[in-house]
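Okay, so here's the structure we're looking at.
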Amino acid sequence: MIDAAFRSFQAAGPMEQFEILPIVELTFGGLDISFTNSALWMTIGVGLIVAFFYAATRRRTLIPGRTQSIAEILHEFVANLVRDTIGHDGKKFFPYVFTLFIFILVANYVGLLPSIPGAPHELHTFTTTSHIIVTFALAMVTITIVLIYGFAKNGLKFLKLFAPSGLPIWLMPILVPIEIISFLSRPISLGVRLFANMLAGHIILKLFAGFVIALLGAGGFASVLAIAPFLGSVAIFLLEFLVAALQAYVFAILTCIYLSDAAHAAEH
Amino acid sequence: MLSFLFIAAAEAAQAGESAGLPQLDSSTWASQLVWLAITFGVLYWLMSSMFLPRIGAAIEERRDRIADDLDKAAESRRQAEEAETAFNKALAEARAKAQAVTAEAREEVNAEIDAMRKDAEQSIAVKAAAAEDRIAKLRETAGARVKEAARDTTRAVVEALIHESPADSVVDAAVAKAAKA
């Protein structure tokens, strides 16, 4: 059995878990928009969130039950985050920040679930946030909102973001380009941070798991050594458990900070 | 163990070279973006239009209820305090009234006692005066009788001594003289 597992692992490199496999082939205007394993896990994530919040808000009671308490704690957590970073103007962004936070959080966590043994490859557990196109798209949504809201609220004064008042004229040529570059790198850093964390975490998990299988497959004394990478993978898993929540939080709080810039650009 | 890491990393790199990073395969991007837009959009719609307002309302309702209850408690307390002041006031009034009634009753009783005492004193004084009168009369009559007895005795003694009855005036003078002495 170990031999079979070993062989199947050898066939699956550490990158295979990131492969996009179509489940239902679809094309639209020449574009491949198949329902893939990525789409499946996005749907699973959203389905879980919706099911949870449906259960939590079905019967609203004055003294909350368990699910309602969790939902309220999440609500208050994000509401406080938005209020503390953006201020009074943040209220209208609360649904977006909350959706973003809970979407990334659940996507990160369902990606840590073990695959059902023997399931076909396209049904293996998949982390949608380990793909740069997804995280970058989410980052671009944030930046687009920042740009639209920033110009709508402050007009051209939004550009003061790049030239804070009270800045000596001779510093302008140096600081303004730096500010512009820093602004432009925001969507990239926001997207790449989440993607890279998920990618690296899952590769390391897979590598450690691979060592366990390889050592067990080698037999003899080497099999005893398998305990070391096994403990290692447990430790990495715990770390990933933390990272999954942390990255969702970081994404949400950075979104809030950028929105706060847009809300208060004219005051700079 | 470290060597294993290197071997695996090398294998991973090889796998990456041969198949390319799945993340960089742009043929899958359209599908991912479309399904991200659909799932994220549906989630945003459900969250913003249904779930978040519901949770917010539940929290708000609880906050209102707590504030209401606190208000009610404050109101009850104020009422209790009012009732206490009213009670204290009533108690003080009752006490004052009781004192007034007591004082009145005492005065009445005192007046009655005074009147009774006066009556008694008067009747005693009348009786005492009557008694004194009687005593004075008795004394007078007693004095006259004593004089009479003295005169009789004087006359009898004189008659026995000189066998001669003295004149009344002489006897009177002699008795008066003796009484003065």
Selection within the range A:123-137 - buried (at least 24 other Cβ atoms within 10 Å of the Cβ) and part of a helix (DSSP H, G or I): A:THR128, A:THR129, A:SER130, A:VAL134, A:THR135
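Keeping to the range A:38-48, report how many residues are within 7 Å of another protein chain (Cβ to nearest Cβ) and over 16 Å from B:ALA30 (Cα atoms). Don't jump to the end; show me each part of the working.
Initial filter on the range A:38-48 (within 7 Å of another protein chain (Cβ to nearest Cβ)): A:38-39, A:42-43, A:46.
So of that shortlist, the ones also over 16 Å from B:ALA30 (Cα atoms) come out as A:43, A:46.
Residues in the range A:38-48 being within 7 Å of another protein chain (Cβ to nearest Cβ) and over 16 Å from B:ALA30 (Cα atoms): 2 in total.
Residues are listed down the side, and each one gets a yes or a no for (1) surrounded by fewer than 10 Cβ atoms within 10 Å (Cβ to Cβ); (2) at pLDDT below 95; (3) within 30 Å of A:THR61 (Cβ to Cβ); (4) among the β-branched types (Val, Ile, Thr):
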position	(1), (2), (3), (4)
B:ALA57	no, yes, yes, no
B:GLU60	no, yes, yes, no
B:ARG65	no, yes, yes, no
B:LEU70	no, no, yes, no
B:ARG77	no, no, yes, no
B:GLU82	no, no, no, no
B:LYS89	no, no, no, no
B:GLU93	no, no, no, no
B:LYS97	no, no, no, no
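Considering A:LEU194, A:LEU259, A:LEU215, which residue is over 17 Å from the mean Cα position of the chain (by Cα), more than 11 Å from chain B (Cβ to nearest Cβ) and crowded, with 20+ Cβ neighbours inside 10 Å?
Details: A:LEU194 fails: over 17 Å from the mean Cα position of the chain (by Cα); A:LEU215 fails: more than 11 Å from chain B (Cβ to nearest Cβ).
Exactly one residue qualifies, and that residue is A:LEU259.
Quick one: would you say A:PHE35 is modelled with pLDDT of 95 or more, facing another protein chain (nearest Cβ under 9 Å) and closer than 23 Å to A:VAL141 by Cβ?
Numbers: modelled with pLDDT of 95 or more: no; facing another protein chain (nearest Cβ under 9 Å): yes; closer than 23 Å to A:VAL141 by Cβ: yes.
Criteria not met by A:PHE35.
Just to confirm my filter: which helices (runs of 4 or more DSSP H) fall fully inside the range A:157-268 and include at least 3 residues that are touching a residue at least 60 places away in the same chain (Cβ under 8 Å) and closer than 25 Å to A:PHE18 by Cβ? Give the derivation first.
Details: elements: A:172-218, A:221-225, A:227-264.
Fully inside the range A:157-268 and qualifying: A:172-218, A:227-264.
Name the residue, out of A:ILE86, A:ILE73, that is crowded, with 17+ Cβ neighbours inside 10 Å and either more than 30 Å from A:ASN37 (Cβ to Cβ) or facing chain B (nearest Cβ under 10 Å) (or both). Break it down stepwise before answering.
Details: A:ILE73 fails: crowded, with 17+ Cβ neighbours inside 10 Å.
Sole residue among the options that is crowded, with 17+ Cβ neighbours inside 10 Å and either more than 30 Å from A:ASN37 (Cβ to Cβ) or facing chain B (nearest Cβ under 10 Å) (or both): A:ILE86.
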Failed criterion for B:SER27 (all others in (1) at pLDDT 90 or above; (2) within 7 Å of chain A (Cβ to nearest Cβ) hold): (1)
Note on the range A:9-60: residues touching a helix residue (DSSP H, G or I) at 6+ places or on another chain (Cβ under 7 Å) and over 28 Å from A:ALA248 (Cβ atoms) are A:PHE9, A:LEU31, A:ASP32
Quick one: is A:VAL78 in contact with a Lys or Arg (Cβ under 9 Å, 6 or more places away or on another chain) and assigned to a helix (DSSP H, G or I)? no
Select from the range A:58-70 the residues that are at the interface with chain B (Cβ under 8 Å from one of its Cβ atoms) and either within 20 Å of B:SER48 (Cβ to Cβ) or in a helix (DSSP H, G or I) (or both) and list them in ascending order. A:ARG60, A:GLN68
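The values are calculated or read from the model by the stated rules, or taken from the named source; none is laboratory data. Note that the structure is predicted; figures quoted are calculated from it, not measured. So basically every Cβ, Gly included, is an ideal-geometry build from the backbone, and we count neighbours across all protein chains shown.
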